[in-house]
1. Once the other residues with Cβ under 13 Å from the Cβ of V217 are scored (Lys, Arg +1; Asp, Glu -1), what is the net sum?
2. Within region 1-74, list the GluC sites (Glu not before Pro) lying in a DSSP loop whose Cβ has at most 10 other Cβ atoms in a 10 Å radius.
3. Based on a Kirkwood Rh over C-alpha pairs, give the Stokes-Einstein translational diffusion coefficient of the chain at 4 °C and viscosity 1.567 mPa s in µm²/s.
4. For region 14-96, what does the convex hull of the Cα positions come to per residue, in cubic angstrom?
5. What residue among K109, K52, K154 has the largest mean-square fluctuation in a Gaussian network model of the chain, using Cα springs under 10 Å?
6. Across the Cα atoms of region 134-273, what radius of gyration and what greatest pairwise Cα-Cα distance (Dmax) are found, in Å?
7. Between C119, C236, C97, find the one with the highest GNM mean-square fluctuation for the chain; connect C-alpha pairs within less than 10 Å.
8. Among the listed pairs K238/K273; K106/K126; K225/K286, which have their C-alpha atoms separated by more than 26 angstrom in this model?
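Derivation of every value follows stated rules applied to the coordinates shown; laboratory data play no part. Computed from a predicted model, the values in this text were never measured in an experiment. Every residue, glycine among them, receives a Cβ derived from its backbone with ideal geometry; neighbour counts consider all protein chains shown.
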Amino acid sequence: MIRVEIDEGSGFCFGVVNAISQAERELSIDSELYCLGDIVHNSREVARLEAKGLRTVNHERIAGMSNVRLLLRAHGEPPVTYRIAALNGIRIIDATCPVVLRLQKKIRKSYLEMDHSRCRIVIFGKTGHAEVNGLVGQTEGNAIVIERASDLSKLDFSKGICLFSQTTMSVDDFGEIVALIKANIGEGVEFRYYDTICRQVANRIPNIRRFAAMHDVILFVAGEKSSNGKVLLGECRKANPNTHLISSADEIDIKWLQDAKTAGICGATSTPKWLMEEVAEKIRTKS
Ligand code: SF4
């Protein structure tokens, strides 16, 4: 029988734990609770909370809502969301992760203090990601978002740059971006950069690499939209090419387990422990 191990370092980070416990607390008071966007990038966990009454809505919907309770998830929101809520009498349950909140404030402060004719805010992150939208909102939409080294062509190197990172980007990739900007920035032009990557993800990398290398096959459990899931999955694949991404136990292909003596299960900061346990149980019954 195949030996199955769940990575102890995988599972919800404290930002997600906090958002989910706030949702559960509010749902125990009254079953009508709205959440702006998926509370977590994991459809099974969303479905579990929706069964308790949580209703997921998008930004268009809240513009037409009034007198309801609206939970803001760990990713945070731009200032406009708070303004709409205030205008519509929507009561906000703010579950923005404290790490994201600190980053929003830091960007806002830099934006308000800088000379805009000489310097720009640049954010290293995924265009359109909810957290990045919240960060760009601190600059009235004026920040430039870069996702990869090739996006540096968007920057004017004769103007100052103040660089921040989305919390879930890779530390190595951020280092590469910093090095490239340093190499290209005009002489005497200001370049300030802040490594604002959350260590809840970065600190998991050495552990997940070790874990992936210890097993014959790795099942990485995460939703496709999870940004930190992509980073951690990439690290697993580097350490063990026999790594497969699944979002639930139903997606396990028995062929992956043939010839394997050990299987490791790990996941993102948005992957519930109970889901990894379900995957482990399925492997044990299939092998
Ligand atoms: S990964 Fe870090 S910043 Fe993001 S929700 Fe978790 S603790 Fe907060």
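1. Charge balance near V217 sits at +1.
2. On the way: sites: E5, E8, E24, E26, E32, E45, E50, E60; in loops: E8, E32.
Those satisfying the criteria are E8.
3. Numbers: Rh = 20.5 Å.
After rounding, the answer is 63 µm²/s.
4. Working: hull volume 6.6 nm³, N = 83.
For region 14-96, the hull spanned by Cα atoms encloses 79 Å³ per residue.
5. For the chain, modelled as a Gaussian network with Cα springs under 10 Å, the answer is K154.
6. Looking at region 134-273, its Cα Rg and Dmax stand at 18.7, 60 Å.
7. Taking springs between Cα atoms under 10 Å, the residue moving most is C119.
8. Working: K238/K273 24 Å; K106/K126 19 Å; K225/K286 28 Å.
As for pairs spanning more than 26 Å Cα to Cα, those are K225/K286.
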